[in-house]
Amino acid sequence: MMQIICNLGPFKFMHHYQLYIFDWDGTLMNSIDKIVNSMQYAATLADLTVPSVSQCKSIIGAGMKEAADILFPGASLASLKRLQHHYRQRFIELNSKACPLYPGTEQLIQNLHSQGKKLAIATSKGRPGLDNVLAQSQLARFFHTSRTADDAKAKPHPDMLEQILAELNINAKHAIYIGDSRFDIDMANNAGMDSIALSHGAGDIETLNASKPTTLVHSTDELTRLITCH
């Protein structure tokens with residue numbers, strides 16, 4: 001198979017990928033503020049120390065249990081159950097306003113789909129949450145499959161990606177994962193998969209680079225030019 005190498009500043013991108021797997025929050029949808037707000041709200045109602053904005057951002061991408069262990073070490077099981085309940089209530093029921101997609105996201109997904117690429121989602125959202133935002137964004141029809149925190153082991157374990165690869169019968173070397181947190185990039189590395197880190201979401205550039213993504217971009221526009229240049 002011929003490999004087309006795209007030069008974009010310091011980046012090189014080889015167009016041999018058959019499958020593009022995306023994280024959701026902070027990657028395709030600008031939901032970071034909503035996640036932070038919901039976590040701080042839930043911590044208050046669960047009588048836990050309210051984490052700062054930067055602390056909340058640092059755990060985006062992890063599963064709820066893993067995030068809680070980082071933010072609230074030593075918290076009782078009862079407190080963590082209350083935290084999870086109030087977080088989901090705040091995020092889904094009380095804060096029902098849809099978050100916007102990052103500018104250019106819909107066009108990027110449509111372009112990849114029209115090129116015959118397979119598309120998938122691997123997210124730490126629960127299944128009801130992902131189904132809800134896919135319906136709101138009207139992007140569900142473009143994705144061949146998805147995995148959530150309800151379907152697989154939490155990031156950075158590679159289970160989500162390995163399940164997707166097995167279902168679609170695609171080798172890891174022909175797939176790439178795109179995410180905005182260290183948990184995303186670590187998961188891709190654990191699966192032996194290339195990755196693109198997006199710095200417009202939860203992770204800062206230093207933290208993302210420390211996880212050693214294949215490349216790093218700063219916006220959906222830059223990602224689009226990287227993927228679609230000829």
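Specify the residue that is surrounded by the fewest Cβ atoms within 10 Å (Cβ to Cβ); the eligible residues are those in the stretch 142-167 that are of a type in the set (A, V, I, L, M, F, W, C) and outside any loop (DSSP other than H, G, I, E, B).
A166
The residues of the stretch 57-83 that are surrounded by 15 or more Cβ atoms within 10 Å (Cβ to Cβ) and among the polar types (S, T, N, Q), listed by number, are S58, S79. Is it the case that K173 is of a type in the set (K, R), closer than 13 Å to T27 by Cβ, outside the structural domain of Q55 (by TED's automatic domain parsing) and touching a Gly at 6+ places or on another chain (Cβ under 9 Å)? No, not satisfied.
Please work out which residue is surrounded by the most Cβ atoms within 10 Å (Cβ to Cβ), limiting yourself to the stretch 30-51 and to residues that are within 16 Å of the chain's Cα centre (by Cα), under 18 Å from M64 (Cβ atoms) and in contact (Cβ under 8 Å) with a residue 40 or more places away in the chain. Lay out the reasoning, then the answer.
Narrowing the stretch 30-51 to residues within 16 Å of the chain's Cα centre (by Cα): 30-36.
Keeping just the survivors that are under 18 Å from M64 (Cβ atoms) gives 31-32, 34-36.
Remaining after also requiring in contact (Cβ under 8 Å) with a residue 40 or more places away in the chain: 31-32, 34-35.
On the way: S31: 24, I32: 19, K34: 17, I35: 22.
Here the answer is S31.
Taking the numbered list (1) surrounded by 16 or more Cβ atoms within 10 Å (Cβ to Cβ); (2) at pLDDT 95 or above in turn, G126 passes all entries but (2).
Take R147 and tell me if it is at pLDDT 95 or above and within 13 Å of D23 (Cα to Cα).
yes
I'd like to check something: does the stretch 119-129 contain any residue that is assigned to a helix (DSSP H, G or I) and either of a type in the set (D, E, K, R) or without any contact (Cβ under 8 Å) to a residue 24 or more places away in the chain (or both)? Explain how you work it out, then say what you get.
In the first step, residues of the stretch 119-129 are kept if they are assigned to a helix (DSSP H, G or I); the result is 127-129.
Keeping just the survivors that are either of a type in the set (D, E, K, R) or without any contact (Cβ under 8 Å) to a residue 24 or more places away in the chain (or both) gives 127.
Yes, because at least one residue in the stretch 119-129 is assigned to a helix (DSSP H, G or I) and either of a type in the set (D, E, K, R) or without any contact (Cβ under 8 Å) to a residue 24 or more places away in the chain (or both).
Within the bounds of the stretch 131-138, is there any residue that is touching a residue at least 24 places away in the same chain (Cβ under 8 Å) and touching a helix residue (DSSP H, G or I) at 6+ places or on another chain (Cβ under 6 Å)? No, the stretch 131-138 contains no residue that is touching a residue at least 24 places away in the same chain (Cβ under 8 Å) and touching a helix residue (DSSP H, G or I) at 6+ places or on another chain (Cβ under 6 Å). Within the option set I205, I196, I170, being of a type in the set (V, I, T), under 21 Å from K118 (Cβ atoms) and surrounded by fewer than 24 Cβ atoms within 10 Å (Cβ to Cβ) holds for one residue only, I170.
Counting only helices (runs of 4 or more DSSP H) that sit completely within the stretch 182-230, those holding 1 or more residues that are free of Cβ contacts under 8 Å to residues at least 60 places away in the same chain and farther than 22 Å from I35 by Cα correspond to 182-190, 205-210.
Based on this model, can you work out whether I164 counts as closer than 16 Å to S31 by Cβ, modelled with pLDDT of 95 or more and not small (G, A, S)? Spelling it out, it is not the case that I164 is closer than 16 Å to S31 by Cβ, modelled with pLDDT of 95 or more and not small (G, A, S).
The single condition from (1) over 22 Å from R127 (Cβ atoms); (2) within 17 Å of the chain's Cα centre (by Cα) that S76 fails is (2).
The values are calculated or read from the model by the stated rules, or taken from the named source; none is laboratory data. None of the values given here were measured: they were computed from a predicted structure. Please note: Cβ atoms are built from the backbone with ideal geometry, for glycine as well, and neighbour counts cover all protein chains shown.
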